[in-house]
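Data block below; observations after.
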Amino acid sequence: MVLVIMVELGAALIAAGSVQPGTATANGLGMPAGVDVESGSGPADSLGAGVGSLALLDGLLLFTLLLLGASLVMPLRLYGRIQGLVTLIVCALWILMCFLTILQAVVKLFLMIALFVAMPFGTIAYLALWGSFPIHRAALVLGLLLLLKIAVGVLLILAQPRFLRIKGLVVLVVLSVLLQLVLGIIHGFLPGPVVSIGDQFWAIVVGVVALIWALIMLIWSIPAIVNAIRVSASFTDSQPADSL
């Protein structure tokens, strides 16, 4: 899962190296430096936002796997006391990050749509920035991610078949794969000039799903924290008072 997230976060940077120079025309149109009008690709958006947005959900999957791993190596009493608190803190920060990411993605989506329908100069600017989506490069990255996620599932079953009984883990893995497959369908079936819009829209959907899942995890962490406090209080009350 660490490799999955590294690929998702680094996909845009890896693809940016393949952008050819040729910014003179772009600068003449007032476009940002580093934008290639002929290829329609910018250095920061070489693979769009869809691939990177998958890290929002896959990060929660990695965190869940880390919790499972910690339960196998830590004393259960200690794990029970810290698991709920750690989950609460991580999920609260994750919700904030998802919200800010969704907000930024919505603003960018509105900008893309506004440019696309503002003929003729807005449409020209849109086509210069996002009109040619690197579908083949994105397909290669998505294929690699799918292969890695299949490996994660196989290794989980080999490590402990009882992991299949954890419904939340199974649902999270299925959601991760399903959202990625739909992203690939969007890249493959939408008309070329609007693939970037579809990719941006799906990035928002993935962000919303990740936010909802983080909220669910946060809510489920509260009973664990309450139980840990009760156990600690009961253990303290059962200890003999120190004599003066």
Item to check | In range of the label at ALA92: residues from the stretch 66-85 whose backbone nitrogen is under 17 Å from the point 7 Å along Cα→Cβ | outcome: 82-85
Checklist entry - Can you sort SER71, SER196 by how many other beta carbons sit within 10 Å, fewest first? => result SER71, SER196
Next on the checklist: Take ALA70 and THR123, extend 7 Å from each Cα along the Cα→Cβ direction, and tell me the distance between the two endpoints in nm.
Outcome noted: 5.4
Checklist outcome for this item: With +1 at each Lys and Arg Cβ and -1 at each Asp and Glu Cβ, the charge dipole magnitude of the stretch 55-231 around its Cα centre, to the nearest 20 debye, comes out at 620
Item to check | For the stretch 44-85, average projected area of the Cα convex hull in nm² | outcome: 3.9
Item to check | Charge dipole (the stretch 55-231, unit charges on Cβ, about Cα centre) - positive-most of ALA70, ILE186, VAL205 | outcome: ALA70
Checklist entry - Normalised by the residues of the stretch 55-231, what does the relative contact order come to in percent, with Cα pairs under 8 Å and at least six apart? => result 47
Checklist entry - Between TRP220, TRP94, GLY131, whose Cα lies farthest towards the positive end of the dipole of the stretch 55-231 when Lys and Arg beta carbons carry +1 and Asp and Glu beta carbons carry -1, centred on the Cα centre? => result TRP220
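Quick note: the coordinates plus some simple rules give every number you see, no bench work behind them. Predicted model only: the values in this text are computed from it and were never measured. Counting neighbours? That spans all protein chains shown, and the Cβs are built from the backbone with ideal geometry, glycine included.
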